[in-house]
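Engineer: Structure incoming, see below.
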Amino acid sequence: MNTLCLPRNLQFLYEESLARLEAKALGCERWERDEDNPWQVRTHVNGNSTDMLRRAAYTATLDGELAVYGELIRPKYQGGVFNRTRSENQYLTHWFYPYRGKFHPQMVRALFNIVGVQPGHTVCEPYVGSGTGALEASLLGINCIAVDISPLCVLLTRVKTRSIEALAEIRERVQDLLARETLDPYDRSFTEHPNVVVADFLEIARLITLSDVSRRKRDGRSWLRKNLQGMLESVEAQAVALDRFRIHRGDVSATLGDARNLRAAGIAEATIDGIVTSPPYSIALDYVKNDEHALEALEVDTSALRGEMTGVRGRGAKAKLALYGEDMQQMFREVARVLRPGAKAAFVIGDATVDGREHTSTREMGDWAVRAGLEREREIPKIVFGLYSTMRDEKILVFRKPD
Ligand SMILES: C[S@@+](CC[C@H](N)C(=O)[O-])C[C@H]1O[C@@H](n2cnc3c(N)ncnc32)[C@H](O)[C@@H]1O
């Protein structure tokens, strides 16, 4: 038997379920909780304990050995070197841009393990949002085809996952900018650079700063400096992490596209080894309005985007809900098309409340997925507990494409 210690940040029952399912997927048999120590589990590692230590999201230690993930997420104030923020969800480049409705990276990592994707496999994230799933896949050595309808999300995903490819040039450019006497987030010219990876990095520093100014009333000039410095620090930390833990980073391709038409994003039939995603929660959140500042700064035509975006398109709640249903059904047909036979897809979705009425989208979602040709694998209830929400119910629905 082996002794597994759960991480101290595990708070909720659903997280323990994920920890157990993840351990099982990584080859553990039995799961016996210690009566006196809620974090300690007796298990039997049938597979490879190195694999557990390198890949698991919800294992802090195994037989006293530290897991890689615990090292990655430990904040600086607790002696960590890969997380400059105070939140365990914002390590490495995860903190770039205050995107509302981000996944918890720890949960995404566990879900990749639970759906059984391996290093070298290719996953698809059809609603990549701020890029959480793409970054986690890449850190697990899994290739990711990331799609989103919002140009901001595509840019953000690229910057979080690909800045490391131009680290030396980014370092040089940031040092050069910090040496300037004046630096203004409203003067876009500082983002110009012949290498698009560097230019994208600088653009995101500008957008983070503009959000700091508008949402937090911060001084743009001084926060642009802080953001450039902080972002550089995080990309440097990513390079150190890859080297120290011998992570062979998975490729990420971030594409502007539509989850309802993954063929247009270049994804052929039966080529995807797994999906972990979170579509818009019914019509509850207006993603265009949320990111209006950044979208306008990127000169995006927001009314055209509004006409395409799931959960946002349509006039009035009734029409919006009908279109939302059509979009989800089309997306499930696409998911069923692109998955390899036997591959699994996990969806994190909520029961959204619109105009005070509960729309149980999770039940309908399950039916739509089955109608599209997927099989139900499991359903894990979870809750959202955070800054922007009072406690709210969500579900993780896992489906499998039949062999
Ligand atoms: C719940 S958020 C995803 C958040 C993401 N999991 C993260 O960690 O940041 C849903 C995303 O779906 C995107 N979206 C909406 N309609 C879409 C469509 N038809 N195709 C692709 N993406 C779409 C939105 O732009 C938004 O980024």
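Derivation of every value follows stated rules applied to the coordinates shown; laboratory data play no part. Model, not experiment: these values are computed from the prediction. No Cβ is skipped: glycine too gets one built from the backbone with ideal geometry, and neighbour counts run over all protein chains shown.
Engineer: Equivalent ellipsoid semi-axes for the chain, as square roots of 5 times the alpha carbon gyration tensor eigenvalues: give them largest first, rounded to whole Å.
Structural biologist: One finds semi-axes of 32, 28, 20 Å for the chain.
Engineer: Which of the trypsin sites (Lys or Arg not before Pro) found in the stretch 127-223 are loop residues per DSSP with 10 or fewer other Cβ atoms within 10 Å of their Cβ?
Structural biologist: For trypsin sites (Lys or Arg not before Pro) across the stretch 127-223 that sit outside H, G, I, E and B with at most 10 neighbouring Cβ atoms in 10 Å, the list reads R180, K217.
Engineer: Evaluate the charge dipole of the chain about its Cα centre and quote only its size in Debye, nearest 20, assuming +1 on the Cβ of each Lys and Arg and -1 on the Cβ of each Asp and Glu.
Structural biologist: 360 debye
Engineer: If you don't mind, there's one more thing I want to ask. What does DSSP give for the chain in terms of the percent of beta bridges that are antiparallel, rounded to the nearest 5? All intermediate terms of the calculation are to be shown ahead of the outcome.
Structural biologist: Details: 31 of 47 bridges.
Just about 65 percent of them are antiparallel.
Engineer: How large are Rg and Dmax for the stretch 9-95 when calculated on the C-alpha trace, in angstrom?
Structural biologist: That works out to 13.6, 38 Å for Rg and Dmax.
Engineer: Same structure, new question: On a C-alpha basis, how far is the centre of the stretch 34-51 from the centre of the stretch 215-240 in Å? Whole number, if you could?
Structural biologist: 39 Å
Engineer: Still on this structure: Take the residue pairs K320/K395; K344/K395; K24/K76 and return only those whose Cα atoms are more than 20 Å apart.
Structural biologist: K320/K395; K24/K76
Engineer: What does the convex hull of the Cα atoms of the stretch 162-244 come to per residue, in Å³, rounded to a whole number? Don't jump to the answer; show the numbers that get you there.
Structural biologist: Numbers: hull volume 7.2 nm³, N = 83.
For the stretch 162-244, the hull spanned by Cα atoms encloses 87 Å³ per residue.
Engineer: Give the calculated FRET efficiency between E269 and E181 to the nearest 0.05, with a Förster radius of 41 Å applied to their Cβ-Cβ distance.
Structural biologist: About 0.15, to the nearest 0.05.
Engineer: If you take the Cα atoms of the stretch 239-340, find Rg, then find the Kirkwood Rh from the mean of 1/r over all pairs, what is Rg/Rh?
Structural biologist: On the way: Rg = 17.0 Å, Rh = 16.0 Å.
Here Rg/Rh amounts to 1.06.
Engineer: Mind checking the stretch 152-182 for GluC sites (Glu not before Pro) that DSSP puts in a loop (not H, G, I, E or B) and that have at most 14 other Cβ atoms within 10 Å?
Structural biologist: Working: sites: E165, E169, E172, E181; in loops: E181.
When the GluC sites (Glu not before Pro) of the stretch 152-182 are filtered for loop state and at most 14 Cβ neighbours within 10 Å, E181 remain.
Engineer: Let me ask something else about it. Once the cut-off is 28 Å, how many percent of the Cα-Cα pairs in the stretch 1-154 end up in the long-distance tail?
Structural biologist: That tail contains 20 percent of the Cα-Cα pairs.
Engineer: Follow-up. Please identify the GluC sites (Glu not before Pro) of the stretch 267-352 that satisfy two criteria: DSSP loop assignment and at most 10 other Cβ atoms within 10 Å. Which are they? Walk me through the numbers before you get to the answer.
Structural biologist: Values: sites: E269, E292, E296, E299, E308, E326, E334; in loops: E269, E299.
Qualifying residues, ordered by number: E299.
Engineer: Would you mind putting 123-130, 74-81, 32-39, 139-146 in packing order, based on average other-beta-carbon counts within 10 Å, highest first? Could you put the intermediate results ahead of the total?
Structural biologist: On the way: 123-130: 26.2, 74-81: 13.4, 32-39: 10.8, 139-146: 24.5.
Most protected by this proxy first, the peptides run 123-130, 139-146, 74-81, 32-39.
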